[in-house]
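Enquirer: Below is the structure I would like to discuss, written out as structure tokens.
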Amino acid sequence: MTKDTKADKNEKHKAAMKKQQENVHESIERANVEKSVVVLLTGNGKGKSSSAFGMVMRALGYGQKVAVIQFIKGVQKSGEELFIANHLPEVFFYQMNTGFTWDTQDRSKDEQAARKTWEKAAQALSNPEYDLVVLDELTYMLSFKYLDEQTVLDTINARPEHQSVVITGRGGGAQLRDLADTVSEVKDIKHAFNDGVAARKGVDF
Ligand code: ATP
Ligand code: MG
């Protein structure tokens, strides 16, 4: 078998790239529906909330209006919370603020807090001013049955036409997956924490 010369390799590369370019152009032409989307970021790996905040940055870059509602956490301030509080007064930010559920150990208190937080989410989801609404860690409110699933789904479905929604959290259930236009599952390959590495500012929170 003769070995490819450098020129042969270049020709092959050029042909492959040309084919790829044609495929990309075809796909772009086919994707011609302009509509808002629901994005669900789920799975056991790290990267769900931080990806949602990446979309917040994107939206803000285009001068869009953003609301972020966080359904869990609170004790330790996260970098995104500090940044929004100190630098992005235009972003609506609400946090449930009860701490982790295994710390509170009080179901009725958790449920009350979840419902109060949902009210804020429902307000954002009915306000046409918002282009992007992030419902961070919402899935746990559904799996713990702190919120009524049908109400949540109906409210998301009835949102203003141009408004996109990002939902994060493990699980979430079949109905939420069906409703979402884009679903990504972040797979846990390994996490430093499981090797005893402490959660790190700017990386983990
Ligand atoms: P991030 O906010 O970093 O994008 P996440 O939203 O995907 O993470 P959560 O389940 O909300 O994940 O957990 C948030 C915290 O838990 C972060 O500090 C993250 O590093 C850590 N974490 C996420 N996944 C794992 C995992 N598989 N093992 C251990 N710790 C994890
Ligand atoms: Mg998260």
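What follows is calculated from the coordinates using simple rules that are stated; it is not laboratory data. Everything numeric here is computed off the predicted structure, so don't read it as measured data. Note that we place each Cβ from the backbone using ideal geometry, even for glycine, and neighbour counts take in every protein chain shown.
Enquirer: Given the condition more than 17 Å from SER50 (Cα to Cα) and either within 13 Å of ligand 1 (Cβ to nearest atom) or not in a helix (DSSP H, G or I) (or both), answer yes or no: does some residue in the stretch 108-122 qualify?
Expert: Taking the stretch 108-122 as the starting set, the residues that turn out to be more than 17 Å from SER50 (Cα to Cα) are 108-122.
Subset that is either within 13 Å of ligand 1 (Cβ to nearest atom) or not in a helix (DSSP H, G or I) (or both): none.
No, the stretch 108-122 contains no residue that is more than 17 Å from SER50 (Cα to Cα) and either within 13 Å of ligand 1 (Cβ to nearest atom) or not in a helix (DSSP H, G or I) (or both).
Enquirer: Somewhere in the stretch 53-72, is a residue touching a helix residue (DSSP H, G or I) at 6+ places or on another chain (Cβ under 9 Å), within 16 Å of ligand 2 (Cβ to nearest atom) and assigned to a loop (DSSP other than H, G, I, E, B)? Full working, then the answer.
Expert: Keep residues of the stretch 53-72 that are touching a helix residue (DSSP H, G or I) at 6+ places or on another chain (Cβ under 9 Å), which gives 53, 56, 64-72.
Those left that are additionally within 16 Å of ligand 2 (Cβ to nearest atom): 53, 56, 68-72.
Cutting the leftovers down to assigned to a loop (DSSP other than H, G, I, E, B) gives us 71-72.
Checked against the condition, which is being touching a helix residue (DSSP H, G or I) at 6+ places or on another chain (Cβ under 9 Å), within 16 Å of ligand 2 (Cβ to nearest atom) and assigned to a loop (DSSP other than H, G, I, E, B), the stretch 53-72 yields at least one hit.
Enquirer: A further question follows. Of all residues in the stretch 160-172, how many are away from ligand 2 (no atom under 16 Å from the Cβ) and either closer than 17 Å to ASP136 by Cβ or exposed (fewer than 12 other Cβ atoms within 10 Å of the Cβ) (or both)?
Expert: Count: 3.
Enquirer: ASN194 - would you say it is within 27 Å of LYS145 (Cα to Cα) and more than 16 Å from ligand 2 (Cβ to nearest atom)? I'd like the intermediate steps shown before the answer.
Expert: Numbers: within 27 Å of LYS145 (Cα to Cα): no; more than 16 Å from ligand 2 (Cβ to nearest atom): yes.
No: the conditions fail for ASN194.
Enquirer: Within the stretch 1-52, track down each residue that is more than 16 Å from ligand 2 (Cβ to nearest atom) and touching a His at 6+ places or on another chain (Cβ under 8 Å).
Expert: Of the residues in the stretch 1-52, the ones more than 16 Å from ligand 2 (Cβ to nearest atom) are 1-38.
Residue satisfying the conditions is SER36 alone.
Enquirer: Go through the stretch 154-176 and give me each residue that's within 16 Å of the chain's Cα centre (by Cα) and away from ligand 1 (no atom under 12 Å from the Cβ). If you could, list the steps in order and put the result at the bottom.
Expert: Pass one, the stretch 154-176, residues within 16 Å of the chain's Cα centre (by Cα): 156, 163-173, 176.
Correct list: ILE156, GLN163, SER164, VAL165, GLY172, GLY173, LEU176.
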